[in-house]
Amino acid sequence: MASIDIAHERNATATADASARPHLAGLTRPLLMEALKQFGLPDNQLRMRAGQIWNGLYNRGFTDFERMTTLSKELRGKLAEAFDISRLEIVTEQKSVDGTRKWLLRLPSGIPGVPGPEVETVYIPEEGRGTLCVSSQVGCTLTCTFCHTGTQKLVRNLTAGEIVGQILVARDALGEWPDGGRNSEDRLITNIVMMGMGEPLYNFENVRDALEVVSDGEGLSLSKRRITLSTSGVVPMIERAGDEIDCMLAISLHAVDDETRNKLVPLNKKYPIAELLEACRNYPGVSNARRITFEYVMLKGVNDSLEDAKALVRLLKHIPAKINLIPFNPWPGSPYECSDWEQIEKFADVVNRAGYASPVRTPRGRDIMAACGQLKSETVKARASERFKEARADA
């Protein structure tokens, strides 16, 4: 079965009511305790109650306070009136012939009766591991010319709760909670990559807080060695990411000279290759044990010559690095073609012989537009603006 398309209807009144309450998912432990303090819990109960709620959210996957039976019935009722712990709305779910799954998720709009913007999240099953590709923005500001997401203008940043919420939805769908029969040693989601829609370093605080929740040993409990943040090269934020997030770093490089990279990744005009690589050399914690991944999309006749391969090796000298070669994944109207497979293999051979691990990423989920560079939500800013105007007119 190539693709499954499932529509999920929701009660608009209930959704509007839920969105009026602050959501607890995505709050770091200190912020969760602060929310409970503002709610009215005494100081001597904050740590304990926060731990009980944390366990319910991230160990048990509860979406209803009523199931948190470690709390008194009275407290459960009051919490339900004050806070929201529901899931993001699934608009569609698709499954590829290769097992890749993609969810189109609707975010709150903040306006009753008006649908919110949408983002995509992708799960990629592999031998011995499963990777969840998570979005950080609706749309993107960077307009990389090989990327489908770059054709959609930025609508807004995601909150920390909406970033974490994508993981919770995926764990629901995969039956990863204890009630689904799985334990932490038998999990399907073993790795998180911030490589979905958007530039994570342009939504720094929310990404940082979300990944703090994800890596908490008493919560979702994913090691920071299994979390990778991919950036197109926001140079001033790279060192801060190493200091405050401390996860694995991936650089969306894709070219070996500024002229080519200016066309592929326009951000390069602001932060050219030399500045980007210097930031990589100084990335906190970088070592042979914690290598930086350089992503390189293979574009026919653009960046795939053997001279490009040799130049790539020279560029990355003295940087502990791994190079991911990514066959270009086409999308409607895309101006590029994927390099011939024979050329990709020759390119990879040059890089491998220079001592770099350079796996060629197998395209996954192409049949459902879930492969690298293909993500794009179906709601665009213009449509959202029209709905906003209509709702205001009706009001």
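The values are calculated or read from the model by the stated rules, or taken from the named source; none is laboratory data. Everything numeric here is computed off the predicted structure, so don't read it as measured data. We place every Cβ from the backbone using ideal geometry, glycine too, and count neighbours over all the protein chains shown.
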Item checked: Conditions (1) of a type outside the set (S, T, N, Q); (2) in contact (Cβ under 8 Å) with a residue 12 or more places away in the chain; (3) out of contact with any Lys or Arg (no Cβ under 7 Å at 6 or more places or on another chain); (4) outside any helix (DSSP H, G or I): number failed by Ala311 -> (4)
Checklist line | Unmet criterion (only one of (1) within 25 Å of Leu32 (Cβ to Cβ); (2) at pLDDT below 90; (3) hydrophobic (A, V, I, L, M, F, W, C)) for Ile167 | finding: (2)
Next item on the list: Give Val234, Val193 a once-over and let me know the one that is of a type outside the set (Lys, Arg), in the same structural domain as Arg101 (by TED's automatic domain parsing), crowded, with 19+ Cβ neighbours inside 10 Å and closer than 27 Å to Gly51 by Cα.
Entry: Val193
Check: Which one of these is touching a strand residue (DSSP E or B) at 6+ places or on another chain (Cβ under 8 Å) and either more than 23 Å from Ser358 (Cβ to Cβ) or basic (Lys, Arg) (or both): Ser215, Ser232, Ser221, Ser252?
Finding: Ser215
Checklist line | Residues of region 337-355 classified as in a loop (DSSP other than H, G, I, E, B) and either surrounded by 18 or more Cβ atoms within 10 Å (Cβ to Cβ) or outside the structural domain of Glu278 (by TED's automatic domain parsing) (or both), total | finding: 1
Check: In the set Leu41, Leu88, which member is without any contact (Cβ under 8 Å) to a residue 24 or more places away in the chain and touching a Lys or Arg at 6+ places or on another chain (Cβ under 8 Å)?
Finding: Leu41
Item checked: Residue count for region 36-77, restricted to those that are of a type in the set (A, V, I, L, M, F, W, C), within 32 Å of the chain's Cα centre (by Cα) and either over 18 Å from Glu218 (Cα atoms) or surrounded by fewer than 16 Cβ atoms within 10 Å (Cβ to Cβ) (or both) -> 4
Check: So which of Leu154, Leu158, Leu201, Leu174 ends up being touching a Cys at 6+ places or on another chain (Cβ under 9 Å) and either over 22 Å from Phe328 (Cα atoms) or modelled with pLDDT under 85 (or both)?
Finding: Leu154
Notebook entry, point to check: Is at least one residue of region 253-264 surrounded by fewer than 16 Cβ atoms within 10 Å (Cβ to Cβ), farther than 26 Å from Asn329 by Cα and modelled with pLDDT of 95 or more?
Noted result: no
